[in-house]
Structure formats: structure tokens, C-alpha cells
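Asker: I am attaching a structure below and will ask some questions about it afterwards.
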Amino acid sequence: MLAKRYRLRKNIEFVATYAQKKYVSNKYLTLNLGKPKPHNDFISKVAFVVSKKVDKRAVVRNKIKRRMREAYKILIKDNPNYQKWISLIFSSKTEFINADFETVKAQMKHALEKAIAKYD
């Protein structure tokens, strides 16, 4: 679990991130990006969203979110350059149900690198 200060929690934070209309997508997920960070001391916040369209069972949705959170922690530890935005929202697609952890990590890394290339 990420600490509260690193999580998007309020509806207005989600609305502001979606309003930026900056996103990248691949086969497994969509990454919505907030505004760029004004300075390095600012904390990036992240959210992981799994819709009921992916799977009706909460157990499956929570499993996907746990995998995404852990992959994000590993990616940020390896490369802090991925935290260039105030907020990030990872939304999974139905292909995530059968994906193993390495695939999840690779797809999240791909989305972050694509975002850096597109919006940097």
C-alpha cells in the first residue's frame, strides 16, 4: 500500500487530472497525466483504477490494483525520473486479468516511457 501522501484520494484531484486530457495508452492500460511538477520538492500522487467492466468480482479487481501498486513502487525506485507530473492515474483494461507480474511491470514502464517521450 502506498502512503496516503502519495495517493490521489479526492474527487477534485481525479477531475483535475482527467481535465488535462494528457494520456497514453497501450494494450493493457491507460495512463492519464496531470500537470508537470513545478519543482522537484513537489510530491507526485498516483491512483490505480480498475473498472467493473474489467471484472465484476472485487477480489480480481483488487488483485490487479495490488500488482499495479507494487510494479509502480519498483519502477519509481529504479528510475525516479518517472515522477515528472503532479498526478498519475493508471486505468487497467480487461487484458490485465490474465497478465503475470512481469507483464504488468513491463506495460507500466512502457506507458511511463511513452508519456515522457510524448509530453516532455
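Asker: What do you reckon, is LEU29 touching an Asp or Glu at 6+ places or on another chain (Cβ under 9 Å) and buried (at least 17 other Cβ atoms within 10 Å of the Cβ)?
Answerer: Working: touching an Asp or Glu at 6+ places or on another chain (Cβ under 9 Å): yes; buried (at least 17 other Cβ atoms within 10 Å of the Cβ): yes.
For LEU29, the condition - touching an Asp or Glu at 6+ places or on another chain (Cβ under 9 Å) and buried (at least 17 other Cβ atoms within 10 Å of the Cβ) - is met.
Asker: Based on what the data block shows, is SER51 small (Gly, Ala, Ser), surrounded by 15 or more Cβ atoms within 10 Å (Cβ to Cβ), touching a residue at least 12 places away in the same chain (Cβ under 8 Å) and not in a helix (DSSP H, G or I)? I'd like the intermediate steps shown before the answer.
Answerer: Details: small (Gly, Ala, Ser): yes; surrounded by 15 or more Cβ atoms within 10 Å (Cβ to Cβ): no; touching a residue at least 12 places away in the same chain (Cβ under 8 Å): yes; not in a helix (DSSP H, G or I): yes.
No.
Asker: Looking at the structure I just gave you, is PHE96 out of contact with any Phe, Trp or Tyr (no Cβ under 8 Å at 6 or more places or on another chain) and surrounded by 11 or more Cβ atoms within 10 Å (Cβ to Cβ)?
Answerer: Values: out of contact with any Phe, Trp or Tyr (no Cβ under 8 Å at 6 or more places or on another chain): no; surrounded by 11 or more Cβ atoms within 10 Å (Cβ to Cβ): yes.
Judged against the criteria, PHE96 is not a match.
Asker: Taking only pairs six or more apart or across chains, which ones have beta-carbon atoms under 7 Å, a first residue in region 100-117 that is without any contact (Cβ under 8 Å) to a residue 40 or more places away in the chain, and a second residue that is outside any helix (DSSP H, G or I)?
Answerer: Cβ pairs passing all conditions: ILE116/LYS84.
Asker: Can I ask one more? Please tell me if PHE90 is part of a helix (DSSP H, G or I), in contact with a Leu (Cβ under 7 Å, 6 or more places away or on another chain) and either of a type in the set (A, V, I, L, M, F, W, C) or within 16 Å of TYR119 (Cβ to Cβ) (or both). Even if it seems obvious, please write down each step before you answer.
Answerer: Working: part of a helix (DSSP H, G or I): no; in contact with a Leu (Cβ under 7 Å, 6 or more places away or on another chain): yes; either of a type in the set (A, V, I, L, M, F, W, C) or within 16 Å of TYR119 (Cβ to Cβ) (or both): yes.
No: the conditions fail for PHE90.
Asker: Exactly one of (1) surrounded by 16 or more Cβ atoms within 10 Å (Cβ to Cβ); (2) of a type in the set (S, T, N, Q); (3) free of Cβ contacts under 8 Å to residues at least 40 places away in the same chain is unmet by ASN40. Its number?
Answerer: (1)
Asker: For TYR23, work out the one condition from (1) over 14 Å from LEU112 (Cα atoms); (2) open to solvent by 70 Å² or more (accessible area, probe 1.4 Å) it doesn't fulfil.
Answerer: In the conditions (1) over 14 Å from LEU112 (Cα atoms); (2) open to solvent by 70 Å² or more (accessible area, probe 1.4 Å), TYR23 misses (1) alone.
One line per residue, one yes/no per condition, for (1) within 24 Å of LYS10 (Cα to Cα); (2) touching a Gly at 6+ places or on another chain (Cβ under 7 Å); (3) among the aliphatic types (A, V, I, L, M):
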| site | (1), (2), (3) |
| --- | --- |
| ALA58 | yes, no, yes |
| ASN81 | no, no, no |
| TRP85 | yes, yes, no |
| LYS109 | no, no, no |
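The values are calculated or read from the model by the stated rules, or taken from the named source; none is laboratory data. Given the structure is predicted, the values throughout are model-derived calculations rather than measurements. Cβ sites come from the backbone with ideal geometry, for glycine too, and all protein chains shown count toward neighbours. Areas reflect the complete protein model, heavy atoms only, side chains present, ligands, DNA and RNA absent. Shrake-Rupley method; radii C 1.70, N 1.55, O 1.52, S 1.80 Å.
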